[in-house]
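Asks: Below are the structure tokens for one structure; questions will follow.
The values are calculated or read from the model by the stated rules, or taken from the named source; none is laboratory data. Predicted model only: the values in this text are computed from it and were never measured. No Cβ is skipped: glycine too gets one built from the backbone with ideal geometry, and neighbour counts run over all protein chains shown.
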């Protein structure tokens, strides 16, 4: 155990407004003034965005001008931003283990928005606790590990296949695990793709064939992820292939490309009650098989089951899908009368906006309905469907008869996604989709190192977007695999041989066989195997002699944080 | 004055700390009383740490980690669970057991995280301020928590709790299988004994005292206290300071 005496630390505290995310709730200037008075703090300032290039320069200047030897940023969460700030410290020669964060956004301003006073007090406490820990931080040296140059791609749809091909073409070996018997995911059910109007099967078959032909790709269909152990660079994966026995292999990175499924609008707008009420996905099938005949009047209803309580998000792809399918119907049946009932049309981007104009010019009619006065579908006397709707632009209730009512339903997360999220230890967001590490800065990364996401698993995405994300995820995953070696965090257990009695309980406790008793000149002593130690700390917490300390999370540091909390007057 | 509880949380980096972040990303509002200390794994939580937090006047201490089976380090949360179970028993006589709580919250359970914090905060509000708060310190409870801390720093309890899984799954060194119930009974006895011995030691450390006085202060029979003092003497921790009126007065030898 290291008991290096530190000279009086010089701590700098940088407190972030995060625009209004923190500054709109917490009184940042007050926290800055407070921080300045804390022991060992020699410098404190506020930044509009500490993570911006300007903010990072401020940290570097602070270190150089005020000779800071400890840096604290009070902002968001270390899970997304610690690596960035640590890298900034390293740039100007400060060991990255001398950096500490106080989470005053995700765990403070965002969750106490209605109580600025309490949030400000809490922010002060969190800063004080961070200062207490920072004073006791030690510089650490990291060890290197090898990265296995292969990847696991979960999901064999357009995103999964694309990302797998990207990696395989760079020379990495890739396993694609697809739970269905066939590759292709959602694209297998689609007809033509907007805006190019190419056949989905054409696009898909080409990619599937490429993947099958690639010597670097191994495809496992009817397979699911059973278990994942390990860390970036060295994941141990167990795959359950049907009823056969499990397949085990090791990979360096994992990409989640499990896609999404469509929402079935049971009980809405006469779905499953009237034969002629179908979903857009069912319409795709009918169009693909050419089963639609004699279409005269079609009504499409948008936002069915989305943008409402319980499923508040916009599924993004449904507006363009409705436009595309109307266009296809008009091309086959130029006389067909098509109405699209919408709430807001999302046809973002140059191509899609142009597409929308074209469909308008083809004579498709658009009626804006209000969520509080949704359309009603009933069966008329002639066997036709009647759709009643309040036309919000002409302020009038109207009735339109229809041969076919098509419901645009959102993409939703698969039921088994939760299980996968737990196995991979990555989160799902409030809408059930996989949640990236940071919406802007790390859009295809998870906070867990070495695990990435692309396609509709992350959020409803169309084919173009899924492919872009798949490229992104492949590119991100290729970084550690190209580097071949990675630094592991210096979070190992350290044994104080003077105190160790060689009882061996640590050996018993360690789940990684990373500590064992060896004969030394001083007798039986515990030895840590640095490469195997993951730094969980279970050995230390269980050591009868309290002879084991954890790097960067020492008892001293944790006790200082606890003691700092006690100083609060309330 | 309105009671504003001071609650300390030890959260594991992989599940619960991420769940807490997710509550933020989802803008789920919850009471502002919790202060979080991030650890890599709940398995790292030395039993001394929650006690130290209580001794420092925290009104509540909550430990949150991955759900059983989900631990990033495989078994850390089981280690934590056993230690917290032991701690709750240890501090139950001080009326502090309800101030210590353990919950499993995953990285995807932002809403549940907020709910857990809200429920625990409400529970603490009902319990009222901790008797260990500096401004209204209950001295006997303070002595009690010090004794509890000493007990969990001592190798006897630490070794017992560290061996629990092994003993139950594989039997003791003599190959005898021991059931969970039997182990719990032994653990309870050990906890009570170590706690009392440490209280005796701490009292004697302050001033040399007789068995009779000790038994009065600890509200235990003289026979009971004597047994413990004899054992402490055998461990070389306590000695006879002097004899007054035929009564031995005991004092401590430094540990």
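Asks: Scanning for something buried (at least 22 other Cβ atoms within 10 Å of the Cβ), at negative phi and not in a loop (DSSP other than H, G, I, E, B), does the stretch A:80-87 turn up at least one residue? Please lay out each step first, then the result.
Replies: Looking only at the stretch A:80-87, we keep the residues that are buried (at least 22 other Cβ atoms within 10 Å of the Cβ), and these are A:81, A:85.
Narrowing further to those that are at negative phi: A:81, A:85.
Within this subset, residues satisfying the condition of being not in a loop (DSSP other than H, G, I, E, B) are A:81, A:85.
Yes, that holds for at least one residue.
Asks: Ok, one more. crowded, with 16+ Cβ neighbours inside 10 Å, under 32 Å from the mean Cα position of the chain (by Cα), at negative phi and not in a helix (DSSP H, G or I): which single residue out of A:534, A:525 fits that description? Working first, answer last.
Replies: Working: A:525 fails: under 32 Å from the mean Cα position of the chain (by Cα).
Of the residues listed, the single one that is crowded, with 16+ Cβ neighbours inside 10 Å, under 32 Å from the mean Cα position of the chain (by Cα), at negative phi and not in a helix (DSSP H, G or I) is A:534.
Asks: Taking the stretch A:194-226 only, how many residues are part of a strand (DSSP E or B) and buried (at least 16 other Cβ atoms within 10 Å of the Cβ)?
Replies: Keep residues of the stretch A:194-226 that are part of a strand (DSSP E or B), which gives A:198-199, A:217-220, A:223-226.
Keeping just the survivors that are buried (at least 16 other Cβ atoms within 10 Å of the Cβ) gives A:217-220, A:223-225.
So the count comes out to 7.
Asks: Suppose we keep only residues that are crowded, with 22+ Cβ neighbours inside 10 Å and assigned to a loop (DSSP other than H, G, I, E, B) within the stretch A:537-546. Which one would you say is nearest to the other protein chains (Cβ to nearest Cβ)?
Replies: Here is the first cut: in the stretch A:537-546, the ones crowded, with 22+ Cβ neighbours inside 10 Å are A:537-543.
Next cut, assigned to a loop (DSSP other than H, G, I, E, B) only: A:537, A:543.
Working: A:537: 3, A:543: 7 Å.
The residue in question is A:537.
Asks: Is there a residue being touching a strand residue (DSSP E or B) at 6+ places or on another chain (Cβ under 6 Å), surrounded by fewer than 20 Cβ atoms within 10 Å (Cβ to Cβ) and more than 9 Å from chain B (Cβ to nearest Cβ) anywhere in the stretch A:131-142?
Replies: yes
Asks: When the stretch A:499-529 is examined, which residues are found to be over 25 Å from residue B:165 (Cα atoms) and in contact (Cβ under 8 Å) with a residue 12 or more places away in the chain? Talk me through it step by step, then tell me what you get.
Replies: So in the stretch A:499-529, the residues over 25 Å from residue B:165 (Cα atoms) come out as A:519-523.
Answer for the stretch A:499-529, where residues must be over 25 Å from residue B:165 (Cα atoms) and in contact (Cβ under 8 Å) with a residue 12 or more places away in the chain: A:520, A:522, A:523.
Asks: Oh, and also: All but one of (1) within 14 Å of chain B (Cβ to nearest Cβ); (2) at pLDDT 95 or above hold for residue A:83; which doesn't?
Replies: In the conditions (1) within 14 Å of chain B (Cβ to nearest Cβ); (2) at pLDDT 95 or above, residue A:83 misses (2) alone.
Asks: Working carefully through the options A:218, A:210, find the one that is within 27 Å of the chain's Cα centre (by Cα) and either under 30 Å from residue A:487 (Cβ atoms) or modelled with pLDDT of 95 or more (or both). First the steps, then the outcome.
Replies: Working: A:210 fails: within 27 Å of the chain's Cα centre (by Cα).
Selected residue: A:218, the only one of A:218, A:210 that is within 27 Å of the chain's Cα centre (by Cα) and either under 30 Å from residue A:487 (Cβ atoms) or modelled with pLDDT of 95 or more (or both).
Asks: Could I ask something else about it? Kindly indicate whether any position in the stretch A:467-477 is over 30 Å from residue A:335 (Cα atoms), part of a loop (DSSP other than H, G, I, E, B) and in contact (Cβ under 8 Å) with a residue 24 or more places away in the chain. Full working, then the answer.
Replies: Going residue by residue through the stretch A:467-477, those that are over 30 Å from residue A:335 (Cα atoms) are A:467-477.
Within this subset, residues satisfying the condition of being part of a loop (DSSP other than H, G, I, E, B) are none.
No, the conditions are met nowhere in the stretch A:467-477.
Asks: Assess whether residue A:71 counts as being in contact with a strand residue (DSSP E or B) (Cβ under 6 Å, 6 or more places away or on another chain) and either surrounded by 21 or more Cβ atoms within 10 Å (Cβ to Cβ) or at pLDDT 95 or above (or both). Reasoning before the result, please.
Replies: On the way: in contact with a strand residue (DSSP E or B) (Cβ under 6 Å, 6 or more places away or on another chain): yes; either surrounded by 21 or more Cβ atoms within 10 Å (Cβ to Cβ) or at pLDDT 95 or above (or both): yes.
Spelling it out, residue A:71 is indeed in contact with a strand residue (DSSP E or B) (Cβ under 6 Å, 6 or more places away or on another chain) and either surrounded by 21 or more Cβ atoms within 10 Å (Cβ to Cβ) or at pLDDT 95 or above (or both).
Asks: Give, as residue ranges, the strands (runs of 3 or more DSSP E) completely inside the stretch B:1-81 that count at least 3 residues that are touching a helix residue (DSSP H, G or I) at 6+ places or on another chain (Cβ under 8 Å) and at the interface with chain A (Cβ under 7 Å from one of its Cβ atoms). Full working, then the answer.
Replies: Numbers: elements: B:7-12, B:34-39, B:60-65.
Because the criterion is at least 3 residues that are touching a helix residue (DSSP H, G or I) at 6+ places or on another chain (Cβ under 8 Å) and at the interface with chain A (Cβ under 7 Å from one of its Cβ atoms), the strands (runs of 3 or more DSSP E) in the stretch B:1-81 that meet it are B:34-39.
Asks: Test residue A:259 against the stated conditions and say whether it is more than 21 Å from residue B:71 (Cβ to Cβ), touching a helix residue (DSSP H, G or I) at 6+ places or on another chain (Cβ under 6 Å) and touching a residue at least 12 places away in the same chain (Cβ under 8 Å).
Replies: Criteria met by residue A:259.
Asks: Further, regarding this structure: Residues being in contact with a helix residue (DSSP H, G or I) (Cβ under 7 Å, 6 or more places away or on another chain) and assigned to a helix (DSSP H, G or I): count how many of those fall in the stretch B:194-230.
Replies: 21
Asks: Residue A:303 versus (1) crowded, with 21+ Cβ neighbours inside 10 Å; (2) outside any helix (DSSP H, G or I); (3) in contact with a strand residue (DSSP E or B) (Cβ under 7 Å, 6 or more places away or on another chain): which is the lone unmet condition?
Replies: All conditions are met except number (3).
Asks: Quick one: which residue in B:181, B:176, B:244 is more than 30 Å from residue A:506 (Cα to Cα) and exposed (fewer than 15 other Cβ atoms within 10 Å of the Cβ)? Break it down into steps so the answer makes sense when it comes.
Replies: On the way: B:181 fails: more than 30 Å from residue A:506 (Cα to Cα); B:176 fails: more than 30 Å from residue A:506 (Cα to Cα).
Of the residues listed, the single one that is more than 30 Å from residue A:506 (Cα to Cα) and exposed (fewer than 15 other Cβ atoms within 10 Å of the Cβ) is B:244.
Asks: Within the stretch A:333-344, which residues are under 24 Å from residue A:292 (Cβ atoms) and assigned to a loop (DSSP other than H, G, I, E, B)?
Replies: In the first step, residues of the stretch A:333-344 are kept if they are under 24 Å from residue A:292 (Cβ atoms); the result is A:333-342.
Listed by number, the residues that qualify are A:333, A:334, A:335, A:336.
Asks: Hey, another quick one. Need at least 1 residues that are more than 30 Å from residue A:106 (Cβ to Cβ) per element, so show me which helices (runs of 4 or more DSSP H) inside the stretch B:87-186 make the cut, counting only ones lying wholly within it.
Replies: Details: elements: B:110-127, B:139-153, B:155-170.
Hits in the stretch B:87-186: B:139-153, B:155-170.
Asks: For residue B:98, which of the numbered conditions (1) free of Cβ contacts under 8 Å to residues at least 60 places away in the same chain; (2) more than 9 Å from chain A (Cβ to nearest Cβ); (3) more than 17 Å from residue B:141 (Cα to Cα) fails to hold?
Replies: With (1) free of Cβ contacts under 8 Å to residues at least 60 places away in the same chain; (2) more than 9 Å from chain A (Cβ to nearest Cβ); (3) more than 17 Å from residue B:141 (Cα to Cα) applied to residue B:98, the lone miss is (3).
Asks: Please go through the stretch B:109-124 and give me each residue that is within 13 Å of chain A (Cβ to nearest Cβ) and within 14 Å of residue B:96 (Cα to Cα), ordered by number.
Replies: Listed by number, the list holds a single entry, B:124.
Asks: I'm trying to understand the selection: among the residues of the stretch A:547-570, which are part of a loop (DSSP other than H, G, I, E, B), crowded, with 19+ Cβ neighbours inside 10 Å and facing chain B (nearest Cβ under 7 Å)?
Replies: Selection gives A:553 alone.
Asks: Tell me yes or no: at least one residue of the stretch A:247-264 is within 19 Å of residue A:342 (Cα to Cα), modelled with pLDDT of 95 or more and either outside any strand (DSSP E or B) or more than 23 Å from the chain's Cα centre (by Cα) (or both).
Replies: Within the stretch A:247-264, the first condition is being within 19 Å of residue A:342 (Cα to Cα), and the residues that meet it are A:262-264.
Going one step further and asking which of them are modelled with pLDDT of 95 or more, we end up with A:262-264.
Within this subset, residues satisfying the condition of being either outside any strand (DSSP E or B) or more than 23 Å from the chain's Cα centre (by Cα) (or both) are A:263-264.
Yes - at least one qualifying residue is present in the stretch A:247-264.
Asks: A further question follows. Tell me, yes or no, whether the stretch A:112-124 has at least one residue that is more than 10 Å from chain B (Cβ to nearest Cβ), touching a helix residue (DSSP H, G or I) at 6+ places or on another chain (Cβ under 8 Å) and more than 16 Å from residue A:23 (Cα to Cα).
Replies: No, the stretch A:112-124 contains no residue that is more than 10 Å from chain B (Cβ to nearest Cβ), touching a helix residue (DSSP H, G or I) at 6+ places or on another chain (Cβ under 8 Å) and more than 16 Å from residue A:23 (Cα to Cα).
Asks: Name every residue in the stretch A:393-432 that is in contact with a helix residue (DSSP H, G or I) (Cβ under 8 Å, 6 or more places away or on another chain) and modelled with pLDDT under 95, in order of residue number.
Replies: The answer is A:427, A:428, A:429, A:430, A:432.
Asks: If I go through the stretch B:150-173 residue by residue, how many of them are buried (at least 20 other Cβ atoms within 10 Å of the Cβ) and touching a residue at least 60 places away in the same chain (Cβ under 8 Å)?
Replies: Of the residues in the stretch B:150-173, 6 are buried (at least 20 other Cβ atoms within 10 Å of the Cβ) and touching a residue at least 60 places away in the same chain (Cβ under 8 Å).
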